[in-house]
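Please read the structure below before turning to the comments.
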Amino acid sequence: MLAGLAAELRGALGILAKRDVQIPARFLAGKGGAESAGGAESAGGARRVAIGDDCAAIPDGDGYLLLAAEGIWPAFLEGDPRFAGYSAIMVNISDICAMGGRPLAVVDVVWGTSAGALEPIWEGMVAASRAYGVPIVGGHTSARSPYNALAVAIAGRARRLITSFAARPGDVLVAAIDLRGEMHAEHPFWNASTGADPARLRGDLEILPALAEAGLCDAGKDISMGGLAGTLLMLLETSGAGAVLDVEAVPRPSGVRDLSIARWLLAFPSYGFLLSVRPEAAGDVLSAFARRGIASAAVGSVDGSRRLALEAGGERQTLWDLAAAPLTGFGGAR
């Protein structure tokens, strides 16, 4: 069972597409400082921040300015332009919160074949901006393109960081996913946002900076394209670590037809975070999500192997050996 699951995950487009990141990783090697994003100091006293996280983290005063950007998958944009516009805002906000930050504002770049093609994209972006309380403050729009395309960038601030460079052997892996949603009809997206109360959306995201500022978590990522499996691989790669993932412990919706464990491990949830937590803080972290009605669980442990292994029913199967086959190319910065 696990051998087949591992093979299906290894061949998934959402994970294999992460290899494209090796291109910027090669060009940016050594450009972001060799220290982790946790704020180590260089000889001159300036904090250096490594490249390869959910956001760029720029030391600024007593905290960090966060910058991130996301481009939207063309097939998604063509098939569901309104939800694609909504998601472009939503996923950028998630990136900021995943690093312990709070979003400030977004800008967009939208290309369309006509004004009519742009209308649903803009409807979706504005709906998400209002729901999450994050303004769209500028960008670029053109209705004279031979194709439709969308990218959104975001700025935020963090007092203390959650970073993908800080997972340590011995940590508990905590997955937190809002299961109050539904699968998209065509794409591997779990939508728990568009029908939710905006006040609840904003309060749920506040969990992440609160955990960081309380010193309860300093390592993790949001669950993005590639799902939980791909996100965990990226977290382990940048941290120079390995892990065992208990696939049966991953929070999973019930009563959803055709939702195999493989499909769920590759799904992109509108609210999903994977945190690497010191064992003594795991209970407090789980309680923080439970208080907000977010499904969360301890789903594995971090080790020093640089391999990701799947575990279920007493069986164990290696999914990926990062020492032999890097994924994004941003490993080793630690």
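The values are calculated or read from the model by the stated rules, or taken from the named source; none is laboratory data. Predicted model, so just to flag it, every value in this text is computed and none were measured. Please note: Cβ atoms are built from the backbone with ideal geometry, for glycine as well, and neighbour counts cover all protein chains shown.
Some notes on this structure:
- The residue of segment 270-291 that is surrounded by the fewest Cβ atoms within 10 Å (Cβ to Cβ), among those that are touching an Asp or Glu at 6+ places or on another chain (Cβ under 7 Å), over 12 Å from LEU208 (Cβ atoms) and not hydroxyl-bearing (Ser, Thr, Tyr), is ARG278.
- Selection within segment 141-166: residues that are assigned to a strand (DSSP E or B) and of a type in the set (S, T, N, Q). The member of this set that is nearest to LEU286 (Cα to Cα) is THR163.
- Per-region count, segment 134-149, residues of a type in the set (A, V, I, L, M) and farther than 22 Å from LEU205 by Cβ: 2
Conditions (1) on the phi > 0 side of the Ramachandran plot; (2) part of a strand (DSSP E or B), marked per residue:
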position: ASP108; (1), (2): no, yes
position: GLU119; (1), (2): no, no
position: GLU123; (1), (2): no, no
position: GLY139; (1), (2): yes, yes
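- Residue list for segment 110-158, restricted to those being surrounded by fewer than 16 Cβ atoms within 10 Å (Cβ to Cβ) and either outside the structural domain of MET90 (by TED's automatic domain parsing) or of a type in the set (Val, Ile, Thr) (or both): THR113, VAL126, VAL137, THR141
- Checked against the criterion of being more than 20 Å from the chain's Cα centre (by Cα) and in a helix (DSSP H, G or I), segment 270-280 has at least one qualifying residue.
- In segment 283-313, the residues that are more than 19 Å from PRO169 (Cα to Cα), assigned to a strand (DSSP E or B) and out of contact with any helix residue (DSSP H, G or I) (no Cβ under 7 Å at 6 or more places or on another chain): ALA295
- Unmet criterion (only one of (1) more than 18 Å from LEU233 (Cα to Cα); (2) modelled with pLDDT under 95; (3) hydrophobic (A, V, I, L, M, F, W, C)) for ILE294: (2)
- Scanning segment 262-307 for residues that are charged (D, E, K, R) and without any contact (Cβ under 8 Å) to a residue 40 or more places away in the chain yields GLU280, ARG291.
- Residue check, THR231 closer than 19 Å to PRO103 by Cα and either modelled with pLDDT under 95 or among the polar types (S, T, N, Q) (or both): no
- In this entry, ALA68 is excluded by the filter for residues that are buried (at least 20 other Cβ atoms within 10 Å of the Cβ), assigned to a helix (DSSP H, G or I) and at pLDDT 90 or above.
- Residue in segment 292-304 that is out of contact with any Asp or Glu (no Cβ under 9 Å at 6 or more places or on another chain), more than 25 Å from THR163 (Cβ to Cβ) and not assigned by TED's automatic domain parsing to the domain that holds ALA88 present: no
Yes/no per residue for (1) touching a Cys at 6+ places or on another chain (Cβ under 6 Å); (2) basic (Lys, Arg); (3) surrounded by fewer than 24 Cβ atoms within 10 Å (Cβ to Cβ):
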position	(1), (2), (3)
ASN191	no, no, yes
ASP197	no, no, yes
ARG200	no, yes, yes
ILE207	no, no, yes
GLY215	no, no, yes
GLY227	no, no, no
GLU237	no, no, no
GLY242	no, no, yes
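- Scanning segment 305-334 for residues that are at pLDDT below 95, crowded, with 18+ Cβ neighbours inside 10 Å and assigned by TED's automatic domain parsing to the domain that holds GLY11 returns no hits.
- Restricted to segment 34-57, and to residues there that are modelled with pLDDT of 95 or more and in a strand (DSSP E or B), the residue that is surrounded by the most Cβ atoms within 10 Å (Cβ to Cβ) is ALA57.
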